Amino acid sequence: MTTGAKVGCSHCDTEAATNHYHGPGLKRIPLCRTCYDQYVAKEMVAYWKDHIAEEQRRAGTSS
Ligand SMILES: [Zn+2]
């Protein structure tokens, strides 16, 4: 038996055992397994894009 109420995924609305993704501002977003994986992947891409842009700005390179 698993504990915890089933919450609809905030992305695809699937009612399933969800993972709570800790978003910005410690906001907890209920996501199903599939959306959770996609969300994390997207966050990683966004993070690195930001990071690379910041590095380039600091280096003073203009394209
Ligand atoms: Zn989902």
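The values are calculated or read from the model by the stated rules, or taken from the named source; none is laboratory data. The structure presented is a predicted model; accordingly, all values stated were derived computationally and were not measured. Every residue, glycine among them, receives a Cβ derived from its backbone with ideal geometry; neighbour counts consider all protein chains shown.
Worth a mention:
- If you filter the range 1-36 down to residues that are within 10 Å of the ligand (Cβ to nearest atom) and charged (D, E, K, R), you find that the one that is modelled with the lowest pLDDT is 15.
- Qualifying residues in the range 37-49 (those that are among the aromatic types (Phe, Trp, Tyr) and modelled with pLDDT of 90 or more) - the one farthest from residue 11 (Cα to Cα): 48
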